[in-house]
Ligand code: MIC
Ligand code: SF4
């Protein structure tokens, strides 16, 4: 039996386990990346593990999320990351160099290699044929130290792309269509591979738009073949030597297959407040809009911004609309400037922001009250934009540009001829904003600078024999990490200050939660399906840990989040019968008599509530995960096992 692309990469990096769907496998990781909002924690953990020099082929730290610097906090964190990386052998991408995923794709991603990143959109590099996965910061720290990365062997989903995209329809519409087909849960436990004739017509950055937003399917990752187009992209980046061809074997077996005919696709939009709430732009046409934001790791490549520039040239952004554009990288930004496209964007009235995540993570540019914002981003979760009653629609750069001019949701196909973009044979390569680490000999001399914003990491605690605790919060299906630990201008600066962050935990769902959790001394959280979807931020586990949360009971969990819970010693139980969700209420006092024994060796336990309800819970853990939980988290476990 032949292998799929992902299976080939897994096979060549397999350290432990069998490649059987559902089994735990350990992978050797070639490259890691971090960004600043998760990086501070990851490096504090790297230090806590006592790692002197990273053991990966390449590790890069990017500064792209926390660039607003409204107080000293972000700048302090940046200086810490700059010095800690210099000391431990990690490259440092300075603020201004661009969004981690865009820069990594341009400068470092390599087909056939493995990458984990402390950011859920790390699969962007799947566009170049890399096995790239989002992970918690602690898992990334372990991988930097040469440790194995563990995942559950995923099933394989194949998406056959046939035909060719019509004018004004682009890669974003492809992934929105896939989200319509599969939903935000459809990729859970799976790797999505793209195949078929249609692949050839997509450039690497377009493929990367598709793999980037594969995160929204809940997939472990997404991947494209590495072909002549990949080779041309790498050569244009001056990295032709990194190319290897990669395709699935003709007799590779997939667990599910779908076909998307590119020629029948039309412009689509993800409506509030979920990336899989898809409608055609045709249905939304004419809706008044207030804001358009173009950029993010999904749609900020040269191809995307040149398209927008051509569409805006000589026009003026509608008076009722504010348009922001954030180029994905310094490379993109410089090339836009050199070819004059930047002048077209400025001329039309676009507000050019720095090359960073910016509005995507609510760092500025929040829409007006009840505003309608069209964004080329990947997430439109409630309140993520910074305005709780705003309605955010996720669209392609083409729809965004057409609508910015029209002042209403507009179908770009009505604009006549589509702009023809030819990408240069050579991109402008200048890595002057990527600092190399100190040599091994000089490293011990590097002083790691820690500002006052950096507080110690809360420590996980080994479980007691019995757990008696209140269900202090009951939430519905599809709770995102933006609900659990929101971001935005007021909160993001405290990513290295867990006590301060805890004041904002779950406040999107219940403003009184932090106070209640403190008063109760912690407790249990009850969730629905797909609990913890979205970001890789381990703060969504760390902060509840700080507030005394010992267990989460849910109908099902999102992959990265459940790994983060275990990493910090919070026990994830799933309801054996999802209907039992109704039997448990917020405020119920519950007991699990054999809590510790269950963690050590049982697959099911019974939780008894004061009101008399008895509910069966499953505990599907690997031996390794049981040991981590018994140690009170991965940091304790790693320390115990390295002596
Ligand atoms: C996001 O898009 O939500 C983020 C911000 O990039 C996160 C990481 C974080 O919370 O720092 C992600 O996607 O993992
Ligand atoms: Fe940054 Fe947004 Fe991409 Fe997250 S999704 S990495 S916040 S641009």
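The values are calculated or read from the model by the stated rules, or taken from the named source; none is laboratory data. Here the structure is a predicted model, which means the values were calculated and not measured. Cβ placement follows ideal geometry from the backbone for every residue including glycine, while neighbour counts extend to all protein chains displayed.
Does residue 431 satisfy being in a loop (DSSP other than H, G, I, E, B) and closer than 30 Å to residue 632 by Cβ? No: the conditions fail for residue 431.
Return the only residue of 131, 115 being within 16 Å of ligand 2 (Cβ to nearest atom), under 21 Å from residue 192 (Cβ atoms) and touching a strand residue (DSSP E or B) at 6+ places or on another chain (Cβ under 9 Å). Selected residue: 115, the only one of 131, 115 that is within 16 Å of ligand 2 (Cβ to nearest atom), under 21 Å from residue 192 (Cβ atoms) and touching a strand residue (DSSP E or B) at 6+ places or on another chain (Cβ under 9 Å).
Can you report the number of residues in region 285-307 which are under 28 Å from the mean Cα position of the chain (by Cα) and not in a strand (DSSP E or B)? Show your work before the answer.
Taking region 285-307 and keeping what is under 28 Å from the mean Cα position of the chain (by Cα), we get 289-307.
So of that shortlist, the ones also not in a strand (DSSP E or B) come out as 289-290, 295-307.
Number of matching residues: 15.
Test residue 26 against the criterion of being surrounded by fewer than 24 Cβ atoms within 10 Å (Cβ to Cβ), away from ligand 1 (no atom under 15 Å from the Cβ), outside any loop (DSSP other than H, G, I, E, B) and within 23 Å of the chain's Cα centre (by Cα), and give yes or no. Answer is yes for this residue. Exactly one residue out of 488, 521 is within 16 Å of ligand 2 (Cβ to nearest atom) and at positive phi, and it is 488. In a residue-by-residue description of region 160-170, the property of being under 16 Å from the mean Cα position of the chain (by Cα), closer than 19 Å to residue 213 by Cβ and either modelled with pLDDT of 95 or more or more than 16 Å from ligand 2 (Cβ to nearest atom) (or both) applies to no position.
Report yes if residue 344 is surrounded by fewer than 19 Cβ atoms within 10 Å (Cβ to Cβ) and more than 13 Å from residue 375 (Cβ to Cβ), otherwise no. So residue 344 does not fit the description; no.
For region 365-383, filtered to residues that are away from ligand 1 (no atom under 14 Å from the Cβ) and at positive phi, the residue that is surrounded by the most Cβ atoms within 10 Å (Cβ to Cβ) is 365.
The condition (being at pLDDT 95 or above, more than 16 Å from ligand 1 (Cβ to nearest atom) and buried (at least 21 other Cβ atoms within 10 Å of the Cβ)) is satisfied by just one residue among 110, 63, 99, 116: 110.
The residues of region 125-139 that are touching a helix residue (DSSP H, G or I) at 6+ places or on another chain (Cβ under 6 Å) and within 11 Å of ligand 1 (Cβ to nearest atom), listed by number, are 134, 136, 137. Please work out if residue 444 is more than 23 Å from residue 359 (Cα to Cα) and outside any loop (DSSP other than H, G, I, E, B). Against the criterion (more than 23 Å from residue 359 (Cα to Cα) and outside any loop (DSSP other than H, G, I, E, B)), residue 444 qualifies. Within region 66-84, the set of residues being touching a strand residue (DSSP E or B) at 6+ places or on another chain (Cβ under 7 Å) and either away from ligand 1 (no atom under 16 Å from the Cβ) or modelled with pLDDT under 95 (or both) comprises 82 only. Among the candidates 415, 423, 394, the residue that is at pLDDT below 95 and either closer than 24 Å to residue 212 by Cα or within 19 Å of the chain's Cα centre (by Cα) (or both) is uniquely 423.
I'd like to check something: does region 393-416 contain any residue that is in contact with a helix residue (DSSP H, G or I) (Cβ under 8 Å, 6 or more places away or on another chain), over 24 Å from residue 205 (Cα atoms), without any contact (Cβ under 8 Å) to a residue 40 or more places away in the chain and away from ligand 2 (no atom under 12 Å from the Cβ)? Looking for residues that are in contact with a helix residue (DSSP H, G or I) (Cβ under 8 Å, 6 or more places away or on another chain), over 24 Å from residue 205 (Cα atoms), without any contact (Cβ under 8 Å) to a residue 40 or more places away in the chain and away from ligand 2 (no atom under 12 Å from the Cβ), one finds at least one in region 393-416, hence yes.
Do we find a residue being crowded, with 20+ Cβ neighbours inside 10 Å and modelled with pLDDT of 95 or more anywhere in region 436-452? Checked against the condition, which is being crowded, with 20+ Cβ neighbours inside 10 Å and modelled with pLDDT of 95 or more, region 436-452 yields at least one hit. Figure legend. Inter-residue proximity from region 10-39: first residues more than 16 Å from ligand 2 (Cβ to nearest atom), second residues assigned to a helix (DSSP H, G or I), beta-carbon distance below 6 Å, spacing 6+ or different chains. Indicated pairs: 27/13; 28/13; 29/143. Just one of (1) assigned to a helix (DSSP H, G or I); (2) buried (at least 22 other Cβ atoms within 10 Å of the Cβ) fails for residue 222. It is (1). Looking at region 532-546, can you tell me whether even one residue there is farther than 22 Å from residue 141 by Cβ, surrounded by 21 or more Cβ atoms within 10 Å (Cβ to Cβ) and free of Cβ contacts under 8 Å to residues at least 60 places away in the same chain? No - not one qualifying residue is present in region 532-546.
Residue check: is residue 576 surrounded by fewer than 23 Cβ atoms within 10 Å (Cβ to Cβ), without any contact (Cβ under 8 Å) to a residue 40 or more places away in the chain and closer than 30 Å to residue 136 by Cα? No: the conditions fail for residue 576. The conditions of being touching a residue at least 24 places away in the same chain (Cβ under 8 Å), buried (at least 23 other Cβ atoms within 10 Å of the Cβ) and either closer than 20 Å to residue 274 by Cα or more than 24 Å from the chain's Cα centre (by Cα) (or both) are met by residue 360. Restricting attention to region 364-392, which residues are closer than 27 Å to residue 36 by Cα, in contact with a strand residue (DSSP E or B) (Cβ under 7 Å, 6 or more places away or on another chain), more than 14 Å from ligand 2 (Cβ to nearest atom) and assigned to a loop (DSSP other than H, G, I, E, B)? The answer is 367, 390. Among residues of region 293-307 being within 14 Å of ligand 2 (Cβ to nearest atom) and within 14 Å of residue 341 (Cβ to Cβ), the one that is surrounded by the most Cβ atoms within 10 Å (Cβ to Cβ) is 300. In summary, residue 509 fulfils each of the numbered conditions (1) part of a loop (DSSP other than H, G, I, E, B); (2) touching a helix residue (DSSP H, G or I) at 6+ places or on another chain (Cβ under 9 Å); (3) more than 21 Å from residue 572 (Cβ to Cβ) with the single exception of condition (3). Based on what the data block shows, is residue 274 crowded, with 16+ Cβ neighbours inside 10 Å, under 21 Å from the mean Cα position of the chain (by Cα) and under 23 Å from residue 419 (Cα atoms)? Here the answer is no, as residue 274 does not meet what is asked. Each residue in region 308-363 was checked for being outside any helix (DSSP H, G or I), at negative phi, out of contact with any helix residue (DSSP H, G or I) (no Cβ under 8 Å at 6 or more places or on another chain) and away from ligand 2 (no atom under 16 Å from the Cβ), and 4 of them qualify. Taking each residue of region 282-297 that is farther than 17 Å from residue 323 by Cα and looking for partners that are away from ligand 2 (no atom under 16 Å from the Cβ) and assigned to a loop (DSSP other than H, G, I, E, B) with beta-carbon atoms closer than 7 Å, six or more apart or interchain, yields 282/266; 282/411; 284/409; 285/409; 285/410; 285/411; 286/409. Taking region 533-546 as the range and being within 30 Å of residue 377 (Cα to Cα) and more than 16 Å from ligand 2 (Cβ to nearest atom) as the test, the residues that pass are 541, 542, 543, 544.
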